[in-house]
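Have a look at the structure below before the remarks.
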Amino acid sequence: MTLRTIRSGIAAFVILLAWLLSAPNSFAQYQQTPPSAPMGQQSQAPQQTPKDGQTAPALAAPKADPEEEAAYKAFTDTKTEDADKRIQLGEAYVQKYPSGKYLEPVYQGLTTAEYSKQDFAKMYADADKTLAANPDDVTVLVLVGWVIPHNYDPNDLAAESRLDKAEKYEKHALEVLATLPKPANMTDDQFAKVKAQGESQAHSGLGLIYFRRQDYEKSVAELTKSTSDPANQDATDYYVMGVELTRLKRFSESADAFGKCAAMPGALSDRCKQMGADAKKQAAASPAPSK
């Protein structure tokens with residue numbers, strides 16, 4: 001069984017975070033910690049100890065490279081919908097500036113653009129580079145953790161290790177989202193919306209991971225969380241819940257999940273309608289649980 005339906009919420013989540021990355025005081029700045037000098041490496045200029053009542057002299061900021069700044073601006077100014085151009089500009093940036101100061105957001109942008117093109121091999125490679133620069137990059141953690149179980153091949157020798165990676169990513173994404181401070185360029189409502197979408201997406205990813213492992217109880221628990229917010233519900237999550245609840249012989253709950261799936265326009269609607277009808281028949285034919 002292959003699930004390739006694109007969850008509607010993830011597109012909005014990626015677009016919102018792409019906007020945040022390109023804005024002043026961006027979301028990305030709150031995820032990064034300032035780099036420290038390698039151990040044993042000392043500044044060429046001796047440090048001056050301030051006298052009482054004086055402040056230490058400010059360190060001069062590194063001089064910006066106008067060409068690098070222009071290359072990054074061209075990348076961020078490109079609309080997220082124009083994936084081909086973003087990929088072209090992003091690849092040109094990382095080739096010209098292999099130690100550039102914007103590597104993380106550029107690799108992140110490449111990851112999301114490659115996702116929209118369904119180029120999963122390149123997406124995974126650039127996601128690894130993003131997370132090497134910043135292991136807390138929540139956009140990539142959520143996205144890759146969600147994509148892996150949706151594009152699962154049980155015949156792949158690396159299938160289980162991929163699921164392990166996806167589980168690790170989604171759990172860490174939830175940890176990051178739980179303590180994330182609000183960026184200055186966002187309203188409270190915008191920040192709450194982004195966090196809710198990210199959390200819903202992470203729980204959806206975990207639900208699919210446990211579904212692939214046939215751990216249906218854990219999967220249903222995660223998918224219940226992913227669909228708890230009316231603004232972040234997805235037909236695929238309800239479809240998977242219906243399948244799992246049927247296998248757990250919880251037919252009434254299965255019929256309810258399929259019913260919610262059927263009510264959502266899309267490719268799964270007719271299938272969920274039929275499977276919901278079957279679940280209702282099984283519920284009616286099943287003996288009532290003993291008290």
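The values are calculated or read from the model by the stated rules, or taken from the named source; none is laboratory data. Just so we're clear, the structure is a prediction, and the values are computed from it rather than from any experiment. FYI the Cβ positions are ideal-geometry reconstructions off the backbone, even for glycines, and counts take in every protein chain you see. These accessible areas exclude ligands, DNA and RNA; they are computed on the full protein's heavy atoms, side chains included. Shrake-Rupley method; radii C 1.70, N 1.55, O 1.52, S 1.80 Å.
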Q. Mind checking the dipole of the stretch 101-222: about its Cα centre, +1 per Lys or Arg Cβ, -1 per Asp or Glu Cβ, Debye to the nearest 20?
A. 180
Q) What is the log10 of I(q)/I(0) for the stretch 162-211, computed with the Debye formula using one identical point scatterer on each Cα and no solvent, at q = 0.22 Å⁻¹? A) -0.76
(Q) Output needed: percent of Cα pairs per 5 Å distance bin for the stretch 177-260, bins running from 0 to the one holding the longest distance. (A) 3, 16, 23, 20, 14, 9, 7, 5, 2, 0
Q: Please express the shape of the stretch 102-142 as an equivalent ellipsoid: the semi-axes are the square roots of 5 times the eigenvalues of the C-alpha gyration tensor, given largest first in whole angstrom.
A: 15, 9, 8
Q. Separation between the Asn185 and Glu217 pseudo-spin-labels, each 7 Å from Cα along Cα→Cβ, expressed in nm?
A. 4.6
(Q) Past the 24 angstrom mark, what percentage of all C-alpha to C-alpha distances in the stretch 107-238 do you count? (A) 28
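Ratio of alpha-carbon Rg to the 2.2 N^0.38 Å globular estimate for the stretch 123-171, to two decimals, please.
Working: Rg = 10.6 Å, N = 49, 2.2 N^0.38 = 9.7 Å.
Against the empirical 2.2 N^0.38 Å value, I get 1.09 for the stretch 123-171.
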Q) Leaving out ligands, DNA and RNA, what percent of the accessible area of the stretch 132-172 is carbon and sulfur, probe 1.4 Å? A) 53
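Could you sort 69-82, 216-229 so that the peptide with the highest average Cβ count within 10 Å comes first and the rest follow in order? Provide the component values of the computation, followed by the final result.
Numbers: 69-82: 15.4, 216-229: 18.5.
Output ranking for 69-82, 216-229: 216-229, 69-82.
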Q: Collect residues whose amide H, placed 1.01 Å from N in the peptide plane, falls under 5 Å from the amide H of Asp234; neighbours closer than 5 in sequence don't count.
A: none
Q: Please give, to one decimal in nm, the separation of the simple spin-label points placed at Ser286 and Lys85, each 7 Å out from Cα toward the Cβ.
A: 5.4
Q: Please report how many Lys pairs in the stretch 185-291 have alpha carbons closer than 28 angstrom, counting only residues at least 8 apart along the chain or sitting on separate chains.
A: 28
Q: First compute the accessible area of the stretch 202-288 with a 1.4 Å probe, then give the percent of it belonging to carbon and sulfur atoms.
A: 52
Q) What percent do you get for the relative contact order of the stretch 121-266 when only Cα pairs under 8 Å and 6+ apart count? A) 18
